[in-house]
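Data first, discussion second: the structure below is written as structure tokens.
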Amino acid sequence: MSRIGVFICHCGENISRTVDVERVAAEVGKMPGVSFSTDYKYMCSDPGQNLLKNAIQEQKLTHIVVAACSPRMHEKTFRKAVEAAGLNPYLCEMANIREHCSWVHENKEEATVKATEIVGMMVERVKKNRVLPTITVPVTKRSLVIGGGIAGIQAALDIADCGHEVVLVEREPSIGGHMAQLSETFPTLDCSQCIMTPKMVDVANHPKIKLYTYSEIELVEGYIGNFQVTIKKKARSVDEDRCTGCGVCMTKCPQKKIPNKFDQNIGMRTAIYVPFPQAVPNTPVIDRDNCTWYKTGKCGVCQKVCGPGAVDFEQQDQLVVEPVGAIVVATGFDLYTIDEKPKGSPIKGYGEFGHGKIPDVIDGMTFERLASASGPTGGKILRPSDGKEPKQIVFIQCIGSRAREKGISYCSKVCCMYTAKHTMLYHHKVHDGQAYVFFMDARTPGKSYDEFWRRSIEEEEAVYIRGMVSRLYQKGDKIVVMGSDIAVGVQVEIEADMVVLATAIQPQKGAELLAQKLGISYDKYNFYSEAHAKLRPVECATAGIYLAGACQGPKDIPETVSQASAAAAKVMTLFSKDQLEREPIVARVKESGCVGCFACKKVCAYGAVEEKEIRDRQGNLIKTVAFVNPGVCAGCGTCQATCPSKSVELDGYTDEQVIAMIEAL
Amino acid sequence: MQPTKQNTFEPKIIAFVCTWCTYAGADLAGTSRMQYPSNVRVLKFPCTGRIDPVFILKAFQQGADGVLVSGCHPGDCHYIAGNFHARRRFAVFRKLLEFVGVDLNRLQFSWVSAAEGGKWVEVVTDLTEKVRSMGPMTEFKELAMEEQWSGAINTPELQEAYNSI
Amino acid sequence: MEKPLNYSYYPGCSLHASAGEYDLSTRELFKALNIQLTEIPDWFCCGATPAHNVDELLSLSLCAKNLELADQIEGDVAVACAACFSRLKTAQHVLGESAVKRKQVEKALDAPLKLDGNVKHLLEILAKDFGLERLAAAVNKPLTGLKVACYYGCLLTRPTDVPNLDCVEAPTIMEKVIEAVGATTVPWTHRMECCGANFTLSRPGVVIQLTGAVLDSAKAAGADCIMVGCPLCHGNLDIRQKEIEGVYNVQYGLPVFYLTQLVGLSVGLGSDKLGMDAMIVNPTPLLREKNLL
Amino acid sequence: MKKKKMIISQETMDVDFVRKVEALSGTSVRRCFQCGKCSAGCPMATFMEHPPNRVVRLLQLGQWQRILAGRSIWYCASCETCSTRCPNKVHLASIMDALRKLSWDAEGASKESYVQLANKLFLQNIRTYGRQYEMRLAAVFNVKSGQFLKDLMLGPKLLAKGKLKMFHSKNKNMSEIEKIFSRIEAMRKNGEAL
């Protein structure tokens, strides 16, 4: 038999002004199972809590109802007090008679009746409450970081510097990501590689960082604190342990005319290559699609010249399993492709700009490679078509971004700034040249950003034209730009030598496939979704997985680095305890009733439902039932409402509890 | 609930809400001191996905005149997609309820976010007034009466009669 | 033997008047290719630009009426004029999207709408239904050495998603058809710029400026002639060419062919069956030079 | 020309007019964010006093009288370049159609009479003959617009080439076309269509 204690709070006068608390306490005292009821001015104060604790001990109370404010306010307070008095905290419930009663009603009679009913409801509920033990899960204090761009590098270094092991996985042969491709960075114009490469070297040399380049995530199993990640190491055809990075293989490789993706395909590389000289690791990869040996079975020059004998044509893809406790996703962005329509994608390209047909219409990243001192032109701005220096250059903003018609409605955030930077770099390198920018709005919020943009106009003499461009076409060796200036209200025509399109930022190709492996959600553009737009911006709704950088939305470098450090801090918070404690509001399966239809598994957004085999003593399979992993379950209860045989129950919200409440009305 | 005035029908409204959005929205209505009819009783769930249609039936059976189910806006679910599952489930359930003979005007589904205290007040007030104008929900009560004649006897009247013997 | 192709034929007003040679060459070419064309009996004007310009409901009703008339004849609807093609396609699109407008047009016609007919421009029939390979096989006199500037104008491909004839910004269907019969095409910049269209009547000054730019571009690209699939474009490029030459004091001398005239020439039809004598800019010297006559 | 100051108030922001335009054109007016791409590609922009993007801007501000008073809408060639290239799915060509329709209804609002006259004659021809007869259209246009000598030099040449037909016959099913015209007129009168 339960001995329920009910405590009615006055909340100063907040409740007692409209609710006759004494009457409520008296009425409730008569309810079956209630052995103690009282009212007090401030239940949440120290004397109030002591009143509660003493009553539990003196009256030998088994269940508690506190009628006061919203449980969102003080449920934790009272459950803690109850626990201190030796009761299981989940045997305490709150009845909300402030926000849902005294504050929203004026009639004292009505409010008192309602308050009594609310308390009565909770009394019936608490009778059915069970002792719930706190759930603890062990934490593997190793972290996986997916993506070796600036976001991944920053997160990996922060976590590793804290003394925890990090597994860093990068798809390309080298870490560095897009930032390594950039020439100079806004708003300070410092050289991107100068600030990037030391960090890349730090990663390579860090004793706590295990680096997998040219590798991809194959499979993710487990849950917060206990993930098992299968990584596919693609065959490099070069033994990383033996290779000394001398580079002789690359100088001798006869295939020298392969467009280098790192240089936006305007520079060339060999078939055995590192994408750029400062690559980390400095171990080459053989591009099997373009290698003569793989195509014809002949050549093998690289193998012959390799002193340490590192070239291995027989190497196979390898699968490695790494146990980790947390995952930071930092897969970054990809540039919008102007001239093609990817299959099955709602994104459309722009035929009117002739990109891909007119060689001197390039995108912003290609301009970065042209302007980069280590780029294919050694930092000279030269046209891809004839290698001449463009004297009139036109930049067009918002290509793909803010273009609902093309399938992207969002602003890519960085283009206004990088275009302003481009005009400056151009002016620094081509003194007698003129830069024009067609734009809609200049969006430059950020420290020293607007000043930077204004400088490009006022000091670096870029001409900004508010208006868009309808079409580009080749006329002789010029590109005719058909634009408009909406401020003046006239059409503008410029015969340019080169046109740079500021293309939108999109998530990496295949971002949705990785999200499906990780069990995290993503938006309609395939950007990964954070748990809360404002208050949990670096966490995924799936526990133990964190986001850093442009995979979550368009971002510039400072923002990316901040988010990466924030994600690292979240990982470190998780790693600060050996065991993970969590609220025991989780679903449990009654195996006797479960028929193994797995309707619950289909509706579970967290992948918490597993299949469990039940065998007899001889080891014969009796049936397969559902099993809810308490480490993964978030406690939404959707499985319970879905279960056709009522064999799964959410602790704290059982059918019994709910029905008891309804019946109390 | 007892009617506060004689001869006036005061409907009984039960609200099934999720804790993250609508419960918080109702809290906000409270902290903003908005006023609404006192007819509603709120049952808190972690998510609308947890709400079993059986609860709605049970509520009507227990004498509710109107039922409100309210959760996060589509796409805002704290549990990623619980409200979508709920929406799908209730779309089917409405048909069943209609078939059973319950006037669907007594059952309201809505989305009220944690920021929409005003909307909560509006939804609750509208439903209360609507149900008030429809009069008491009798279908289930009549059914229950029949059941009682067929066996289960524990109405207060009978109890009283029994006691007096 | 493949099944012969059957179409209901919507020539449009111009083909019965100023663009008689387009009508003639279309009929002759299709006869030569064994494609059956049956003219829609008592078809009406589609309303063209003036109707949708000021009265969309009328424009939609006229097009719906014509589609209803076309429904009596077996086969897809073959349309020669780019403007008629655009109007009929647009009507199908708009009436498919808007229930309100569909209801209004139903009321105007006082009949249920029959909009399902497949409306096809001649280009589509030649390139897709008949097929480029068969077309190439039908050639008796390849147009070798003839440098053609294919002029799409506005209405064959625009707007996105409506005519669905070809890529909206970089179409190739005209080039494919004329290359299949042996001609060379030139890349040029103004193949999709507007010629001024029906301003030819009300504001000819506009046409002179815009068509002038088109002719300029074709000439600069080294074309021998221009090929079109629209009587209005033809009117502006051909009939007004002399006048434009006068205004800007230039010499173009660019014959403007309908696509059916050039394709017809390649399959061996005589110039009398192609209405070559109706062209204002005389094509004879060019065709003689290229040994095509 | 001196430009009048634009006084903006709730009254001048003529929402009803904008809604009419949106109903007729089936496209949103508010959605335009004034990037100016339509004006950049418009072949007729140089002939207009308000470039296309400004026509939409004025419409957004409810200043439709300024649009209808000008010639811009009548100089639109309906080439659909704007609609095709708009990054924001604003179907400007349809908005232009709607504006011309409303201008037509407002009778004589615009200064541009030649284009309107040509359109009017074109539609009359359809109603009378079912099809278009260019010779008649051109001749009547020249008479009505008072430009008796316009394109005089073209005439004989076209006749010689068989491009102008002197005689034309009516469609056999003319009554059907007349019915369509009159039904539409009746619908408008009854307020069933705009």
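For chain A, the C-alpha radius of gyration sits at 1.24 times the compact-globule guess of 2.2 N^0.38 Å, with N the residue count.
Compared with the direct C-alpha span, the chain from residue A:108 to residue A:578 gains 164.0 nm at full extension, assuming 0.36 nm per residue. Distance between the pseudo-spin-label points of residue A:459 and residue A:431 (7 Å out from Cα toward the beta carbon): 1.8 nm. Scaling against 2.2 N^0.38 Å puts the C-alpha radius of gyration of the stretch A:4-127 at 0.94.
For a quick check of your reading of the filter: which trypsin sites (Lys or Arg not before Pro) in the stretch B:7-41 sit in a DSSP loop and have no more than 15 other Cβ atoms within 10 Å? Sparse-neighbourhood loop trypsin sites (Lys or Arg not before Pro): B:33. The charge dipole of the stretch A:4-127, taken about its Cα centre with unit charges on the Cβ atoms of Lys, Arg (+1), Asp and Glu (-1) only, comes to about 360 debye. Evaluated at q = 0.19, 0.24, 0.30 Å⁻¹, the base-10 log of the normalised Debye intensity for the stretch C:204-262, with identical point scatterers placed on the Cα atoms, takes the values -0.61, -0.97, -1.40.
Site pair residue B:138 and residue A:295 shows an inter-label distance of 8.9 nm when each label is modelled 7 Å from Cα along Cα→Cβ. Largest GNM mean-square fluctuation across C:56, C:97, C:245, computed for chain C with C-alpha springs under 10 Å, falls on C:97. Whose amide H sits under 5 Å from the amide H of residue A:546, counting only residues 5 or more places off or on another chain, with H placed in the peptide plane? Sorted by chain and number, the residues that satisfy this are A:327, A:328, A:329, A:540.
Spacing of the modelled spin labels on residue D:187 and residue A:239, each 7 Å from Cα toward Cβ, amounts to 8.2 nm. For the stretch A:326-406, the set of trypsin sites (Lys or Arg not before Pro) satisfying both a DSSP loop assignment and a count of at most 10 other C-beta atoms within 10 Å is given as A:343.
So what's the projected area for the stretch C:127-261, the Cα convex hull averaged over all directions, in nm²?
It is 8.2 nm².
The amide H of residue A:588, built 1.01 Å from its N in the peptide plane, has A:649, A:650, A:651 as neighbours under 5 Å, considering only residues 5 or more places off or on other chains. Measuring between their Cα centroids, the stretch C:170-201 and the stretch A:398-434 lie 33 Å from each other. Scanning residues 5 or more positions from residue C:146 or on other chains, those with amide H under 5 Å from its amide H are C:184, with H placed 1.01 Å from N in the peptide plane.
Among the listed pairs A:421/A:555; D:5/D:111; A:602/A:646, those whose Cα-Cα separation exceeds 18 Å are D:5/D:111.
Convex hull volume of the C-alpha atoms in the stretch A:335-506, normalised per residue: 121 Å³.
Ranking A:309, A:281, A:264 by Cα position along the charge dipole of the stretch A:228-313, where only Lys, Arg, Asp and Glu carry charges on their C-beta atoms, puts A:264 farthest toward the positive end. Shielding of peptide D:117-126 by partners, expressed as the average count of other chain Cβ atoms within 10 Å per residue Cβ, is 6. Taken as Cα centroids, the stretch C:17-89 and the stretch A:461-502 sit 39 Å apart, rounded to the nearest whole angstrom. Taken over the alpha carbons of chain D as equal point scatterers, the Debye sum produces base-10 log I(q)/I(0) values at 0.10, 0.15, 0.16 Å⁻¹ of -0.54, -1.06, -1.14. For the protein assembly as shown, a Kirkwood radius taken over Cα pairs fed into Stokes-Einstein (20 °C, viscosity 1.002 mPa s) yields D = 58 µm²/s. Using R0 = 45 Å, the C-beta based FRET efficiency linking residue A:228 and residue A:478 works out to 0.15. Volume of the convex hull of the stretch C:124-185 (Cα atoms only), normalised per residue: 75 Å³. Of the chymotrypsin sites (Phe, Trp or Tyr not before Pro) found in the stretch D:128-192, those in coil by DSSP whose Cβ has at most 14 other Cβ atoms within 10 Å are D:148, D:167. Converting the Cα gyration tensor eigenvalues of the stretch A:286-326 into ellipsoid dimensions via √(5λ) gives semi-axes, longest first, of 30, 14, 8 Å. Rounded, prolate or oblate: which one fits the stretch D:114-189, using the alpha carbon gyration tensor with axes a ≥ b ≥ c (rounded when a/c is under 1.5, else prolate when a/b beats b/c, else oblate)? Oblate, since a/c reaches 1.5 and b/c is not below a/b. Ordering A:196, A:73, D:84 by the projection of their Cα atoms onto the charge dipole of the protein assembly as shown, which places +1 on the Cβ of Lys and Arg and -1 on the Cβ of Asp and Glu, puts D:84 at the extreme positive end.
The 3J(HN,Hα) values that the Karplus relation (6.51, -1.76, 1.60; θ = phi - 60°) gives for the stretch D:82-94 are, in residue order, 4, 4, 5, 9, 4, x, 10, 6, 9, 8, 5, 4, 6 Hz. Gly and Pro appear as x. Remark: the residue A:60-residue A:128 segment gains 22.7 nm on full extension, using 0.36 nm per residue and subtracting the alpha carbon distance.
Apply the a/c threshold of 1.5 to the C-alpha gyration tensor of the stretch B:21-82 and tell me whether it is rounded, prolate or oblate. Mind dumping the intermediate values first?
Values: a/c = 2.75, a/b = 1.02, b/c = 2.68.
Oblate.
The Kirkwood radius of the stretch D:62-120, taken over pairs of alpha-carbon atoms, gives through the Stokes-Einstein law at 20 °C and 1.002 mPa s a diffusion coefficient of 178 µm² s⁻¹. Restricting the count to DSSP beta bridges whose residues both fall in the protein assembly as shown, what percent are antiparallel, rounded to a multiple of 5? In the protein assembly as shown, DSSP labels about 40 percent of beta bridges as antiparallel. A dipole drawn for the stretch C:5-121 from +1 and -1 charges on Cβ atoms has a positive end, and of C:14, C:98, C:117 the residue lying farthest that way is C:98.
Computed on the stretch A:583-664, the Cα convex hull volume stands at 100 Å³ per residue. In terms of overall dimensions, the stretch B:13-136 has a Cα radius of gyration and Dmax of 13.6, 41 angstrom. Straight-line reach from residue A:80: taking Cα to Cα under 23 Å and skipping same-chain neighbours fewer than 8 places apart, the lysines in range are A:41, A:53, A:60, A:127, A:128, A:577, B:44. Where in the stretch C:52-92 is the amide nitrogen less than 11 Å from a point lying 7 Å along the Cα-to-Cβ axis of residue C:114? Taking a point 7 Å out along Cα→Cβ of residue C:114, the residues of the stretch C:52-92 whose backbone N falls under 11 Å are C:65-75.
Taking Cα atoms only, the orientation of helix A:108-127 departs from the longest principal axis of chain A by about 80 degrees. Shape class for the stretch A:102-157, computed from the alpha carbon gyration tensor (a ≥ b ≥ c): oblate, with a/c not under 1.5 and a/b at or below b/c.
Taking θ as phi - 60° and the Karplus parameters 6.51, -1.76 and 1.60, the scalar couplings of the stretch C:140-156 work out to 9, 10, x, 7, 4, x, 7, 8, 10, 9, 7, 10, 8, x, 8, 8, 5 Hz in sequence order, x denoting glycine and proline. Measure up A:234/A:570; D:20/D:189; C:103/D:189; C:114/D:89; A:357/A:478 against 20 Å on the Cα-Cα distance and list the ones that go over. Violating the 20 Å limit, Cα to Cα: A:234/A:570; C:114/D:89. Ranked by the mean number of other Cβ atoms within 10 Å per residue, highest first, peptides A:152-158, A:182-188 order as A:152-158, A:182-188.
When restricted to Cα atoms, the stretch C:5-121 yields an Rg and a Dmax of 14.1, 45 Å, respectively. Once the Kirkwood radius over Cα pairs is known for chain C, the Stokes-Einstein relation at 25 °C and 0.890 mPa s delivers a diffusion coefficient of 127 µm²/s.
Determine the distance separating the Cα centre of the stretch A:35-77 from the Cα centre of the stretch A:535-582; give it in Å without decimals. What the calculation gives is 38 Å, centre to centre.
Structural size metrics of the stretch A:236-315, computed from C-alpha coordinates, are Rg and Dmax of 11.7, 32 Å.
A Förster radius of 56 Å, combined with the Cβ-Cβ distance separating residue A:591 from residue A:201, puts the computed FRET efficiency at roughly 0.55. Simple point charges give the picture: +1 on the Cβ of Lys and Arg, -1 on the Cβ of Asp and Glu, and for chain A a dipole about the Cα centre of about 1240 debye.
Extension gain for residue D:179-residue D:69 works out to 36.3 nm (0.36 nm per residue, less the C-alpha to C-alpha distance). Across the stretch B:83-94, computed HN-Hα scalar couplings (Karplus, 6.51 cos²θ - 1.76 cosθ + 1.60, θ = phi - 60°) run 5, 5, 4, 4, 4, 4, 4, 6, 4, 6, 5, 4 Hz from first to last residue, x flagging Gly and Pro.
Values in this text are rule-based calculations from the coordinates and carry no lab data. Just so you know, these numbers come straight off a predicted model, no measurement behind them. Positions of Cβ are generated from backbone atoms using ideal geometry, with glycine treated the same way; all protein chains shown enter the neighbour counts.
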